[in-house]
Amino acid sequence: MRLRLRGAPLFRALCHCTIRQAFNDAPRADICVFRDRDVIRNARETVASRVHKQPPFVRRGTCTDCGRPAMETLWLPMLPRMVAIPSGSIAAGSAIRPPDFNMFYHRRQADAEDALPKHSGFLSSQARLRWRPCAG
């Protein structure tokens, strides 16, 4: 799947939540989060999306061609609509930034070997999402 991105991501996070572990078939997900309006989708390409857990604030989608994680749409109350894209899917040479923080760190499968902030628990991790976009 090809997406066209306008501008830099709002933030880049290393997410250790169990849903993203299962969705990405990896111990953590490295994601770049953009405002929904900054992600241009090609009408001919499709993503098969579904909700993995209620409430349905996040829809996770895989590429219908290759089956790999393609994007996640985040519709959280009182925040702009956001799209999370696996950092490895962003074209080389794009303005990708280093990770900003770890989230859902209490669900980690192994300790992170970085000096980034580590947010554990649902409220701490979600609060980081609420504060971060305002800086972008």
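Values quoted throughout were computed directly from the atomic coordinates according to the rules given, and no laboratory measurement underlies them. Everything numeric here is computed off the predicted structure, so don't read it as measured data. All Cβ positions, even for glycine, are placed from backbone atoms using ideal geometry, and neighbour counts span all protein chains on display.
So, in the range 58-70, of the ones that are out of contact with any Cys (no Cβ under 9 Å at 6 or more places or on another chain) and either crowded, with 16+ Cβ neighbours inside 10 Å or of a type in the set (D, E, K, R) (or both), which residue ends up farthest from residue 29 (Cα to Cα)?
Restricting attention to the range 58-70, the residues satisfying the condition of being out of contact with any Cys (no Cβ under 9 Å at 6 or more places or on another chain) are 58-68.
Filter once more, keeping what is either crowded, with 16+ Cβ neighbours inside 10 Å or of a type in the set (D, E, K, R) (or both): 58-63, 65, 68.
Working: 58: 15, 59: 15, 60: 13, 61: 14, 62: 14, 63: 17, 65: 21, 68: 13 Å.
Filtering first and then ranking leaves 65.
Examine the range 21-39 for a residue that is outside any strand (DSSP E or B) and touching a Leu at 6+ places or on another chain (Cβ under 8 Å), and state whether such a residue exists. Checked the range 21-39: at least one residue is outside any strand (DSSP E or B) and touching a Leu at 6+ places or on another chain (Cβ under 8 Å).
Considered as a group, the residues in the range 13-37 that are farther than 17 Å from residue 122 by Cβ and basic (Lys, Arg) include one that is surrounded by the fewest Cβ atoms within 10 Å (Cβ to Cβ), and that residue is 37.
Would you pick out the residues in the range 96-120 that are among the aliphatic types (A, V, I, L, M) and within 16 Å of the chain's Cα centre (by Cα)? The answer is 96, 103. In the range 82-110, the qualifying residues are those that are touching a helix residue (DSSP H, G or I) at 6+ places or on another chain (Cβ under 9 Å) and part of a loop (DSSP other than H, G, I, E, B), and the one that is surrounded by the most Cβ atoms within 10 Å (Cβ to Cβ) is 104.
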